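Visitor: The structure is given below, and queries will be raised subsequently.
Readers should treat all values here as calculations from the given coordinates under stated rules, not as data from a laboratory. Since this is a predicted model, take the numbers as computed values, not measurements. All Cβ positions, even for glycine, are placed from backbone atoms using ideal geometry, and neighbour counts span all protein chains on display.
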Amino acid sequence: MSDTQQFLKDLNEEVRNHPAVNHHFLETVSTRPFSKKAWLGGFAQQLYPHVHFFIPYMEEMLLNTFDMNAKLIVAKILLDEYGEDAAGASHPELFRRFVRGCGGAEADASLLTTPLDQATVDLVQTHMRLCRDEHFLVGIGAIGQAHEFAIAYLFPPILKGMKLSGFTSTETEFFSLHVDHDVEHSKMLEDTMIKMAISDEDRAMIRKGALASLQARADLWASMERRMIGIENGDVPPTSKQTLLDMTKQFKNVPDAFWPS
């Protein structure tokens with residue numbers, strides 16, 4: 001086993017044990033049948049900005065390396081994000097099916113203009129920085145280990161909670177699709193890391209990206225737990241006042257409308 005293969009094995013174990021992957025929110029949401037109002041205001045409206053920006057994250061990564069093999073792998077995963085793995089429905093559109101399950105067309109229309117929790121804003125800004133401004137290996141650590149690898153542990157309890165709350169399999173396809181496909185994506189990105197991460201410095205950048213992403217995710221889970229419980233109890237936490245539409249204007253090549261289906 002190469003040094004980088006051992007490093008990734010150890011990093012994967014660190015990810016599995018990270019507070020973001022074992023957060024109390026995941027236990028709460030998997031065992032309590034929250035109302036669809038709470039799922040919308042506490043979860044969907046606060047996670048959609050990250051989903052909306054995920055394609056731009058990866059497009060920034062595509063431009064952030066001259067390694068043709070790495071570009072090819074990122075491009076292949078982008079094809080799935082664009083909808084190749086879902087009969088042409090982009091992943092943001094799949095997520096919006098869940099949103100419409102929370103509250104119909106009105107809920108869907110609210111995504112661009114809902115005031116965001118500061119943790120949501122920080123999550124998006126953190127990932128744009130990691131994927132655009134940092135070294136490519138930092139970005140691939142964030143997208144590879146903290147997303148494609150970690151999703152297999154993050155989404156099953158969320159899916160369990162959605163089922164408890166009465167959502168259909170069509171409405172939750174965004175989440176089930178990622179559980180099914182992200183294992184393959186993770187393996188593709190790990191193969192790229194093995195080829196590119198030669199030195200201790202290279203490997204440290206991968207870990208830096210993964211841990212920065214996971215910390216932002218843990219902060220988001222904490223804010224979502226407060227918000228969902230607050231909505232159920234009639235005591236909704238304050239927001240940052242910033243909206244997704246505001247955030248899109250801060251970055252080039254991020255749509256200020258919905259991704260088309």
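Visitor: Hey, quick one: spin label on residue 31, modelled 7 Å out along Cα-Cβ, who in the stretch 154-168 has an amide N within reach, i.e. under 17 Å?
Guide: Within reach of a label on residue 31, which here means backbone N under 17 Å from a point 7 Å along Cα→Cβ, the stretch 154-168 contributes 156-165.
Visitor: While we're here: What is the distance, in nm, between label points placed 7 Å from the Cα along the Cα-to-Cβ direction at residue 24 and at residue 125?
Guide: Taking the two extended label points, one gets 2.6 nm.
Visitor: Answer rounded, prolate or oblate for the stretch 112-239, using the Cα gyration tensor with square roots of eigenvalues a ≥ b ≥ c: rounded when a/c is under 1.5, else prolate when a/b is larger than b/c, else oblate. Intermediate values should be presented prior to the final figure.
Guide: Values: a/c = 2.81, a/b = 1.53, b/c = 1.84.
It is oblate, given that a/c is not under 1.5 and a/b is not larger than b/c.
Visitor: While we're on this one: Work through the residues other than residue 159 whose Cβ is under 12 Å from its Cβ and net out their charges, Lys, Arg +1 and Asp, Glu -1.
Guide: -1
Visitor: Relative contact order for the stretch 34-156 using alpha-carbon pairs under 8 Å, separation at least 6, rounded to a whole percent?
Guide: 33
Visitor: Further question on the same structure: Please work out the Cα center distance from the stretch 113-133 to the stretch 191-207, rounded to the nearest Å.
Guide: 25
Visitor: In whole percent, what relative contact order does the chain give with Cα contacts below 8 Å and a gap of six or more residues?
Guide: With pairs under 8 Å counted, the relative contact order is 35 percent.
Visitor: Describe numerically, in nm with one decimal, the distance between label points set 7 Å from Cα along Cα→Cβ at residue 256 and at residue 168.
Guide: So the label points at residue 256 and residue 168 sit 3.5 nm apart.
Visitor: Using 1/(1 + (r/R0)^6) with R0 = 35 angstrom and r between the beta carbons of residue 246 and residue 204, what's the FRET efficiency to the nearest 0.05?
Guide: 0.55
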